[in-house]
Amino acid sequence: MSMSDIVVKGNETLLKADSNITLKEKIGYGFGDFASQLLFAAAMTFLSYFYTDVIGISAGIIGTLMLIARVLDAFVDVGIGALVDKTKTRHGKARPWLLWMSGPFAMSGVLLFTVPGGNMTVTIVYVYVTYLLMNFIYSGINVPYGVLNSMMTQDAYQRSLLNIFRMTLATIGALLINYFTLPLVKSFGGGQKGWIFAFILFGLLGTFFFLVTFFSTKETVTPSVVQKPIPFRRAFGALMRNKYWKLILGFAVVYFINNAMGSGMNIYYARYVLKDADLVGLLGLSLLAPSLLGYALLSPVVKRIGKRNSSIIGSLLLILGSLVIAFGPESLTIVCLGLVIKALGHAAILGTFFAMLADTIEYGEWKTGMRTEGLVYSAGSFGTKAGGGFGAALIGWGLALGGYVGGQATISASALSSIHFMFIYAPIILAVLQIVLLAFYNLDKLFPGIVKELQFVKTAK
């Protein structure tokens, strides 16, 4: 590489290759998260219902399973990240994992619903084993998929665009899953057989779209300082000296607690506050569909004010949406309006989070001389999954604290207060904490200079 391969644009320094990410590559990259949603989001949305209402397992047992799986899976992510950093193939270090794991991921989704009947102890053991297996395999494909963003480009804006395409297609996948899974199960005959065939179809489609991502993307970024393999202890020590990564990790935990509580409380709020459990679909639509508009509007906003400030605005929109709901907590119109505002806030955050995480890779390389994409992304995934697991646990603990007893037509005043607090006010507290953490994140301003220095080091070799 020569100095002619570097393009200086304003105060930014990019590689020419960075500006050559085509629309095909961006869409191809986004299809990876679309593929994930076809299995993972479907399982997260419907698996509890399948276990409790189709198989007949206690809701308490399933709740414990969900929390244990998320916590264990968060640690598995770190190990997967270390393996990705040691991967060297002709396809790169992240892309080959999509090729290797897409088939096993599809099979693990089908196994979730192929639950044996008869002895309940055997059934519960099977459920635990297959659910943990699916989560571990998901780590094996999701962590490398996240790493791929940082391997395709070092241009901060291009990373933001890749992330926007990713989240847009993920949202489309989630919307399709929410509205077509149950009719598909019925069309396959209903019952356990219907679920099995539906997830065979989801698995085949997921495998296909992961392969689309594999064949339509390429890795172009190489380390500027260290080329040889880095021992895990040294890499982890370098990660602990990366202050912006630690800020993003903290932000991830807080935000995904907020996200999990927001989506998990919908069914309780619909049933006991709005007095109609069937409204949960409308609440979900209000919290999901408007984010597509948010992603469409996000690109010029990020270009103008940066990722950190866009995410702060997103957090402010979460607060505003909750305050709107507080103004008329029993009005369906006002609640949906508040959720639409929150959806735009979630789009601003999710549309920038993974790109901000990617930027901490260059900061860590500049600060310590070690580039560890896999470990950075795996630890970031740790935050998202630990946050999601803890958020799900907080719902159960909060309901228990209020004396909630499920399956009743009416609940106590204290239980109703708990639902109000977790649906409206807890998200405000968490969003304020998000803003506090982001206030210390100044990497957007420093990033162009860091990339410039790294490229000068690379060209000097």
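Some values worked out for this structure:
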{"read-out": "Filtered residue count, segment 90-99, keeping only those that are open to solvent by 50 Å² or more (accessible area, probe 1.4 Å) and touching a helix residue (DSSP H, G or I) at 6+ places or on another chain (Cβ under 8 Å)", "value": "1"}
{"read-out": "Condition check for residue 256: hydrophobic (A, V, I, L, M, F, W, C) and either part of a loop (DSSP other than H, G, I, E, B) or surrounded by fewer than 19 Cβ atoms within 10 Å (Cβ to Cβ) (or both)", "value": "no"}
{"read-out": "Unique residue being out of contact with any Pro (no Cβ under 6 Å at 6 or more places or on another chain), of a type outside the set (D, E, K, R), without any contact (Cβ under 8 Å) to a residue 12 or more places away in the chain and surrounded by fewer than 24 Cβ atoms within 10 Å (Cβ to Cβ) when the list is 386, 426, 413", "value": "413"}
{"read-out": "Residue 317, sole failed condition from (1) in contact with a Lys or Arg (Cβ under 7 Å, 6 or more places away or on another chain); (2) open to solvent by 30 Å² or more (accessible area, probe 1.4 Å); (3) under 25 Å from residue 417 (Cβ atoms)", "value": "(3)"}
{"read-out": "Hey, residue 178 buried (at least 24 other Cβ atoms within 10 Å of the Cβ) and not acidic (Asp, Glu) or not", "value": "no"}
{"read-out": "Sole exception among (1) buried (at least 21 other Cβ atoms within 10 Å of the Cβ); (2) hydroxyl-bearing (Ser, Thr, Tyr); (3) out of contact with any Phe, Trp or Tyr (no Cβ under 9 Å at 6 or more places or on another chain) for residue 263, by number", "value": "(1)"}
{"read-out": "Selection from segment 330-349 of residues that are of a type in the set (Gly, Ala, Ser) and in a helix (DSSP H, G or I)", "value": "338, 343, 345, 347, 348"}
{"read-out": "Search result, residues across segment 215-253 that are of a type in the set (A, V, I, L, M, F, W, C), at pLDDT 90 or above and open to solvent by less than 80 Å² (accessible area, probe 1.4 Å)", "value": "245, 247, 248, 249, 251, 252, 253"}
{"read-out": "Where residue 328 falls short, out of the listed (1) out of contact with any Gly (no Cβ under 9 Å at 6 or more places or on another chain); (2) without any contact (Cβ under 8 Å) to a residue 12 or more places away in the chain", "value": "(1)"}
{"read-out": "Residue among 130, 114, 64 that alone is of a type outside the set (Gly, Ala, Ser), modelled with pLDDT under 90 and more than 30 Å from residue 370 (Cβ to Cβ)", "value": "64"}
{"read-out": "Subset of segment 101-113 (residues that are in contact (Cβ under 8 Å) with a residue 24 or more places away in the chain and open to solvent by 30 Å² or more (accessible area, probe 1.4 Å))", "value": "101, 103, 104, 107"}
{"read-out": "Residue check, residue 275 without any contact (Cβ under 8 Å) to a residue 12 or more places away in the chain and not in a helix (DSSP H, G or I)", "value": "yes"}
{"read-out": "Residue within segment 142-156 that is closer than 30 Å to residue 284 by Cα, within 16 Å of the chain's Cα centre (by Cα), at pLDDT 85 or above and open to solvent by 10 Å² or more (accessible area, probe 1.4 Å) present", "value": "yes"}
{"read-out": "Residue within segment 280-290 that is in a helix (DSSP H, G or I), of a type outside the set (A, V, I, L, M) and under 18 Å from residue 391 (Cβ atoms) present", "value": "yes"}
{"read-out": "Count - residues of segment 418-453 that are of a type outside the set (Ser, Thr, Tyr) and not in a helix (DSSP H, G or I)", "value": "2"}
{"read-out": "Residue count, segment 274-295 (criterion: within 21 Å of residue 421 (Cβ to Cβ) and open to solvent by less than 10 Å² (accessible area, probe 1.4 Å))", "value": "1"}
{"read-out": "Hits in segment 440-461 (condition: among the hydrophobic types (A, V, I, L, M, F, W, C) and free of Cβ contacts under 8 Å to residues at least 40 places away in the same chain)", "value": "456, 460"}
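This table checks each residue for (1) in a helix (DSSP H, G or I); (2) touching a residue at least 24 places away in the same chain (Cβ under 8 Å); (3) closer than 24 Å to residue 381 by Cα; (4) in contact with a strand residue (DSSP E or B) (Cβ under 7 Å, 6 or more places away or on another chain).
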{"residue": "115", "(1), (2), (3), (4)": "no, yes, no, no"}
{"residue": "125", "(1), (2), (3), (4)": "yes, no, no, no"}
{"residue": "130", "(1), (2), (3), (4)": "yes, no, yes, no"}
{"residue": "136", "(1), (2), (3), (4)": "yes, yes, yes, no"}
{"residue": "147", "(1), (2), (3), (4)": "yes, yes, yes, no"}
{"residue": "157", "(1), (2), (3), (4)": "yes, yes, yes, no"}
{"residue": "160", "(1), (2), (3), (4)": "yes, yes, yes, no"}
{"residue": "167", "(1), (2), (3), (4)": "yes, yes, yes, no"}
{"residue": "172", "(1), (2), (3), (4)": "yes, yes, yes, no"}
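The values are calculated or read from the model by the stated rules, or taken from the named source; none is laboratory data. Model, not experiment: these values are computed from the prediction. Methodologically, a virtual Cβ is constructed for each residue, glycine included, from the backbone with ideal geometry; neighbour enumeration extends over all protein chains shown. To get the accessible areas, we keep the full protein, side chains included, count just its heavy atoms, and leave off ligands, DNA and RNA. Shrake-Rupley method; radii C 1.70, N 1.55, O 1.52, S 1.80 Å.
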